[in-house]
Amino acid sequence: MPFSSPPYMNDVLPYPPSGNTWLHTGRWRWVEERFRQVCRRYGYREIRTPILELTDLFVRSVGEGTDIVSKEMFNLVDRGGRRLTLKPEGTAPVVRAIIEHEMLAAHPLLKLYYIGQNFRNERGQKGRYRQHQQLGVEAFGSADPALDAEVIELAVRFYREIGITDQQLQINSVGCPQCRPAYREELKQYVKPTLSEMCGDCKSRYEVNPLRMLDCKAPHDVEILSGAPKLLDWLCEDCGEHFRSLRRHLEVMSVPHQIAPQLVRGFDYYTKTAFEITSGGLGSQNALGGGGRYDGLVEDCGGPAAPGIGFGLGMERCLIAMDSLGIEFETEDEAPAVFLVALGESAKSAAVGLLTKIRGAGISADMDYVGKSLKAQMRLAGKLGARLVLLIGENELKEGVVSFRNMMTSQQETVPQSEVIQRIQSWAME
Ligand code: HAM
């Protein structure tokens, strides 16, 4: 039996199967590069953290009662007995790194971005995989709602620039440790009489993480919770003013948004702003990306008191949404400029030497190692999209020349071996 990839983990390929064109390496690079460009424009610098972290980091930051920590992490123990976890999300590792390297001391306002793999042992379906990639930003050191607006507008602009025209932004406030406990009690009081009718997940959330009941998808629970008290009505003065101010900034920036009073996200670290961006073409897993503020997280992880805000955008969902919108990709041209055709053994040896010289001059070039006939070699040149074919046979060898054939115009000429590089370069300019 041949092996297959682990369940719900994708291969990204230069030649993806038809029907899965979003798994094309060129598309991934195209989107990643656009994300990098936008981040640089807004003053964010790239950070890369290991694929593994100590398990306790996620327990402490994401929270013990969350789905991620309680049932979705890929854990392992190393030979030293350390408990490690393949990172399920990108925020906690970035927080760990900035504390470890004391980055806030030199950069009190620290703006970072990352592109990284995440692992969650979830039930797989379209748009939900056990390995997924996130494009994320994290900004530390300011509690100013204008920074929330910047982060949100960056995400919206990124989607706009890659052509996702049907994005919808939902915002909410999840309050803070001052105002949230009272709301939590109010919500429990509201749910209590009907708790026995609710799904098993909500019954356990009622005990460990009552706010998470609000984004339950079970139809009867949705109905019950539609009349629940709203967190926005329970915010303290500080959280309320922060939310109003964020909305004013978004209006000034002309960023359309909806208030989603039941938007709570699956992490314990959020405070105040929470947001999500959705797209219609994604089906049930419709969140393109999401994020929020986490003003206590750096301190909770052993660092200085420093507020923060960020987001993570799902790469796979982004590409699926682009596919469903029929967005064209300008993937980079990977065709070789030059293809060498050798006829006969001694010509092969000359061609190998020439190929190395051409590549050494910075020109992309390739040759065939499989087909022997002229026809087979020309077919491969055509399939690869080479613009120029260089042919060396017995005659060319004897005369110290190479035959050039322009594949666009079918024009041919003979060039002395010593002038090959110069001639390729001048052809490229023609
Ligand atoms: P999250 O909402 O769990 O947030 O993930 C962000 C995005 O990653 C989701 O909206 C979705 O597009 C994508 N995503 C998540 N899980 C999967 C999956 N199993 N398969 C495919 N795509 C997935 C976070 O992870 C936070 N760390 C975001 C953040 C950064 N908040 C503040 N800073």
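The values are calculated or read from the model by the stated rules, or taken from the named source; none is laboratory data. Since the model is a prediction, treat every value here as computed from it, not as a measurement. We place every Cβ from the backbone using ideal geometry, glycine too, and count neighbours over all the protein chains shown. These accessible areas exclude ligands, DNA and RNA; they are computed on the full protein's heavy atoms, side chains included. Shrake-Rupley method; radii C 1.70, N 1.55, O 1.52, S 1.80 Å.
When you check residue 326 against the structure, is it free of Cβ contacts under 8 Å to residues at least 12 places away in the same chain, under 30 Å from residue 418 (Cβ atoms) and outside any helix (DSSP H, G or I), yes or no?
Considered against the rule, which asks whether it is free of Cβ contacts under 8 Å to residues at least 12 places away in the same chain, under 30 Å from residue 418 (Cβ atoms) and outside any helix (DSSP H, G or I), residue 326 comes out as no.
Name the residue that is surrounded by the most Cβ atoms within 10 Å (Cβ to Cβ), counting only residues in the stretch 263-277 that are over 15 Å from residue 294 (Cβ atoms) and near the ligand (Cβ under 9 Å from one of its atoms).
Among residues in the stretch 263-277 that are over 15 Å from residue 294 (Cβ atoms) and near the ligand (Cβ under 9 Å from one of its atoms), the one surrounded by the most Cβ atoms within 10 Å (Cβ to Cβ) is 277.
Do we find a residue being within 14 Å of the ligand (Cβ to nearest atom), assigned to a helix (DSSP H, G or I) and in the same structural domain as residue 313 (by TED's automatic domain parsing) anywhere in the stretch 38-50?
yes
Being more than 30 Å from residue 31 (Cβ to Cβ), open to solvent by less than 30 Å² (accessible area, probe 1.4 Å) and within 16 Å of the ligand (Cβ to nearest atom) is true for just one of 306, 351. Which residue is that?
306
Which one of 347, 321, 337, 365 is hydrophobic (A, V, I, L, M, F, W, C), over 30 Å from residue 12 (Cβ atoms) and either touching a residue at least 12 places away in the same chain (Cβ under 8 Å) or in contact with a Pro (Cβ under 6 Å, 6 or more places away or on another chain) (or both)?
Just a single option satisfies the conditions, and that option is 347.
Within the stretch 97-125, restricting attention to residues that are open to solvent by 50 Å² or more (accessible area, probe 1.4 Å) and under 16 Å from residue 295 (Cβ atoms), which residue is nearest to the ligand (Cβ to nearest atom)?
Result: 109.
Which of the numbered conditions does residue 31 fail, given that it passes all the others? Conditions: (1) over 22 Å from the mean Cα position of the chain (by Cα); (2) within 16 Å of the ligand (Cβ to nearest atom).
(1)
Please indicate, with yes or no, whether at least one residue in the stretch 126-145 is assigned by TED's automatic domain parsing to the domain that holds residue 60, within 27 Å of residue 260 (Cα to Cα), within 9 Å of the ligand (Cβ to nearest atom) and at pLDDT below 95.
yes
Give me the residue from the stretch 309-333 that is open to solvent by 50 Å² or more (accessible area, probe 1.4 Å) and small (Gly, Ala, Ser) and, out of that set, nearest to the ligand (Cβ to nearest atom).
If we take residues in the stretch 309-333 being open to solvent by 50 Å² or more (accessible area, probe 1.4 Å) and small (Gly, Ala, Ser), then 324 is nearest to the ligand (Cβ to nearest atom).
Looking at residue 383, is it of a type outside the set (Gly, Ala, Ser) and either in a helix (DSSP H, G or I) or in contact with a Cys (Cβ under 7 Å, 6 or more places away or on another chain) (or both)?
Considered against the rule, which asks whether it is of a type outside the set (Gly, Ala, Ser) and either in a helix (DSSP H, G or I) or in contact with a Cys (Cβ under 7 Å, 6 or more places away or on another chain) (or both), residue 383 comes out as yes.
Taking into account only those residues within the stretch 285-301 that are among the small types (Gly, Ala, Ser) and within 12 Å of the ligand (Cβ to nearest atom), which is nearest to residue 239 (Cα to Cα)?
Taking the candidates together, the pick is 292.
If we keep just the residues of the stretch 354-380 that are assigned to a helix (DSSP H, G or I), in contact with a strand residue (DSSP E or B) (Cβ under 7 Å, 6 or more places away or on another chain) and farther than 18 Å from residue 414 by Cβ, which is most open to solvent (accessible area, probe 1.4 Å)?
359
Just to check your reading of the model, which residue among 367, 429 is among the aliphatic types (A, V, I, L, M) and at pLDDT below 95?
429
Inside the stretch 227-239, can you point out the residues that are crowded, with 21+ Cβ neighbours inside 10 Å and in a loop (DSSP other than H, G, I, E, B)?
Passing the criteria: only 235.
How many residues are open to solvent by 50 Å² or more (accessible area, probe 1.4 Å) and farther than 29 Å from residue 327 by Cα if we restrict to the stretch 28-73?
Total satisfying the criteria: 10.
Output the residue which, of all residues in the stretch 7-27 that are open to solvent by 70 Å² or more (accessible area, probe 1.4 Å) and at pLDDT 95 or above, is farthest from the ligand (Cβ to nearest atom).
11
Quickly run through the stretch 278-296 and pick out the residues that are open to solvent by 10 Å² or more (accessible area, probe 1.4 Å), part of a loop (DSSP other than H, G, I, E, B) and over 13 Å from residue 169 (Cα atoms).
Those that are open to solvent by 10 Å² or more (accessible area, probe 1.4 Å), part of a loop (DSSP other than H, G, I, E, B) and over 13 Å from residue 169 (Cα atoms): 283, 284, 285, 295, 296.
Regarding residue 85, is this residue more than 15 Å from the ligand (Cβ to nearest atom), assigned by TED's automatic domain parsing to the domain that holds residue 318 and open to solvent by less than 20 Å² (accessible area, probe 1.4 Å)?
So residue 85 fails the test.
Kindly indicate whether any position in the stretch 240-254 is surrounded by 15 or more Cβ atoms within 10 Å (Cβ to Cβ), over 30 Å from the mean Cα position of the chain (by Cα) and not basic (Lys, Arg).
yes
Restricting to the stretch 132-153, name every residue that is closer than 23 Å to residue 88 by Cα and aliphatic (A, V, I, L, M).
Selection gives 135, 137, 139, 151, 152.
Restricting to the stretch 167-203, count the residues that are within 30 Å of residue 148 (Cα to Cα), open to solvent by 40 Å² or more (accessible area, probe 1.4 Å) and of a type in the set (Ser, Thr, Tyr).
Qualifying residue count for the region: 0.
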